[in-house]
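Step one of this worksheet: look at the structure below.
The values are calculated or read from the model by the stated rules, or taken from the named source; none is laboratory data. Just so we're clear, the structure is a prediction, and the values are computed from it rather than from any experiment. Here the Cβ positions follow ideal geometry from the backbone for every residue, glycine too, while neighbour counts run over all protein chains shown. We work out accessible area using only protein heavy atoms, side chains counted, and drop any ligands, DNA or RNA first. Shrake-Rupley method; radii C 1.70, N 1.55, O 1.52, S 1.80 Å.
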Amino acid sequence: MRLFTIKLPIIVAALALLIAGCGGESEETGAATDESTVGEAVNEETSLEGELNLVGSTTVQPLAEVLAASFEALEPGVIVYVQGGGSSVGVRSSADGSADIGMASREIKLSELQEYPELIVHTIARDGIAIVCEPGCAVESLTKEHVRQIFSGGITNWNEVGGGDLIITVVAREEGSGTRAAFEDMVMEDALIVDNAILQPSNGAVRTTISVTPGTIGFLSFGYLDEQTKPIAIDGVLPTEENAVSGEYSVVRPLNMITCGESEEKIHAFLDFVMSEDGQAIVVDEGYLPII
């Protein structure tokens, strides 16, 4: 850990002094606030300057945006830009230097590590992938084999797995998505997702499609679970944070940030913040599993 675990209290103290300064005197001591001293204290702790560009997974993107906002509050001289594009884009952007930090919501492939041997993978959180259907679906639980057959086209009607007589429509992420790659690795094994699946560019788009389309089924990051879709238990285990932490729910993947070769100080500083207690508290607040 670097400076960030001690910066927040310092800044809070500084802000408290500034607020007291607006009133002219400290309530406890009656002494006037020395604003120049406060300014010097803040500047000593905010020496970094420049921009950081994060590119990649749309699963990691919203978490990275919250982490970036908190980091900018600690380091006002640094502006952090976050954009999506998918995990594969994140890996390539880090490797070719077009991004300071790539983002990937899956394991980095051996082929990618062989092609870009200077990549450094920083796992910042873990995330479950839930199987979800539209809220009116009567099915509560499926086996992993059922899921595999549904997404590969072997099961095509909900009445084959205990539901009503309704054609199943598969909704999935596009090729290059980390969420799709992780789902294929952990659930599909060698089976392929059906060609007629509705493909969407983000978890949010998958959620919206399923929420308004009867008969649909798809997969979502835990961070996107809400009342718009209905989570389905896998082999009797619901996709909850508690079950993922205990290991009962097995469809869990890493969320990674990726750098390449030697990194600038501000990149180190951002990653140190992400891995700090404050950064990991944000990970939990956003619905993901911490790594410390």
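Residues that are part of a helix (DSSP H, G or I) and at pLDDT below 95: does the stretch 158-174 have at least one? Please lay out each step first, then the result.
Our first condition is that a residue be part of a helix (DSSP H, G or I); within the stretch 158-174, this holds for 158-161.
Cutting the leftovers down to at pLDDT below 95 gives us none.
Scanning the stretch 158-174, I find no residue that is part of a helix (DSSP H, G or I) and at pLDDT below 95, so the answer is no.
State whether the residues of the stretch 207-226 include one that is modelled with pLDDT of 95 or more, in contact with a helix residue (DSSP H, G or I) (Cβ under 8 Å, 6 or more places away or on another chain) and at positive phi.
Scanning the stretch 207-226 turns up at least one residue that is modelled with pLDDT of 95 or more, in contact with a helix residue (DSSP H, G or I) (Cβ under 8 Å, 6 or more places away or on another chain) and at positive phi.
Inside the stretch 176-205, can you point out the residues that are open to solvent by 70 Å² or more (accessible area, probe 1.4 Å) and free of Cβ contacts under 8 Å to residues at least 24 places away in the same chain?
Those that are open to solvent by 70 Å² or more (accessible area, probe 1.4 Å) and free of Cβ contacts under 8 Å to residues at least 24 places away in the same chain: 190, 195.
Against the definition (of a type in the set (A, V, I, L, M, F, W, C), within 21 Å of residue 59 (Cα to Cα), open to solvent by 10 Å² or more (accessible area, probe 1.4 Å) and modelled with pLDDT under 95), how does residue 292 come out, yes or no?
The answer is yes for residue 292.
Answer yes or no as to whether residue 121 is open to solvent by less than 10 Å² (accessible area, probe 1.4 Å) and not small (Gly, Ala, Ser).
no
What's the number of the only condition in (1) part of a strand (DSSP E or B); (2) closer than 27 Å to residue 200 by Cβ; (3) open to solvent by 20 Å² or more (accessible area, probe 1.4 Å) that residue 61 fails to meet?
It is condition (1) that residue 61 fails.
Could you count how many residues in the stretch 193-211 are part of a loop (DSSP other than H, G, I, E, B) and among the polar types (S, T, N, Q)?
Residues of the stretch 193-211 part of a loop (DSSP other than H, G, I, E, B): 193-197, 201-202.
Of the ones still in play, those that are also among the polar types (S, T, N, Q) are 196, 202.
Result for the stretch 193-211: 2.
Within the stretch 212-248, how many residues turn out to be more than 18 Å from residue 287 (Cβ to Cβ), open to solvent by 30 Å² or more (accessible area, probe 1.4 Å) and either in contact with a Phe, Trp or Tyr (Cβ under 7 Å, 6 or more places away or on another chain) or not in a loop (DSSP other than H, G, I, E, B) (or both)?
The qualifying residues number 1.
Can you find a residue that is of a type in the set (D, E, K, R) and more than 24 Å from residue 201 (Cβ to Cβ) anywhere in the stretch 128-144?
Within the stretch 128-144, one or more residues are of a type in the set (D, E, K, R) and more than 24 Å from residue 201 (Cβ to Cβ).
Give me the pairs: first residue in the stretch 84-100 and closer than 14 Å to residue 264 by Cα, second residue among the β-branched types (Val, Ile, Thr) and open to solvent by less than 50 Å² (accessible area, probe 1.4 Å), beta-carbon distance under 7 Å, and six or more apart or on different chains, which are they?
Taking only residues 6 or more apart or on different chains, the pairs are 94/101; 94/258; 94/259; 99/55; 100/267.
Quick one: what pairs do we get from the stretch 65-81, first residue assigned to a loop (DSSP other than H, G, I, E, B), second open to solvent by 10 Å² or more (accessible area, probe 1.4 Å), C-beta under 6 Å, 6+ apart or different chains?
Going by the 6 Å Cβ cut-off, the qualifying pairs are 75/46; 75/48; 76/46; 77/46; 77/48; 77/49.
Residues are listed down the side, and each one gets a yes or a no for (1) free of Cβ contacts under 8 Å to residues at least 12 places away in the same chain; (2) buried (at least 20 other Cβ atoms within 10 Å of the Cβ); (3) β-branched (Val, Ile, Thr):
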residue	(1), (2), (3)
207	no, yes, no
210	no, yes, yes
250	no, no, no
253	no, yes, no
258	no, yes, yes
270	no, yes, no
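Contact list please: Cβ distance under 9 Å, first residue in the stretch 229-240 and among the acidic types (Asp, Glu), second residue open to solvent by less than 20 Å² (accessible area, probe 1.4 Å) and at pLDDT 95 or above, pairs at least six apart or on different chains.
235/142
Can you tell me how many residues within the stretch 136-151 are surrounded by fewer than 20 Cβ atoms within 10 Å (Cβ to Cβ) and touching a helix residue (DSSP H, G or I) at 6+ places or on another chain (Cβ under 7 Å)?
Qualifying residue count, the stretch 136-151: 3.
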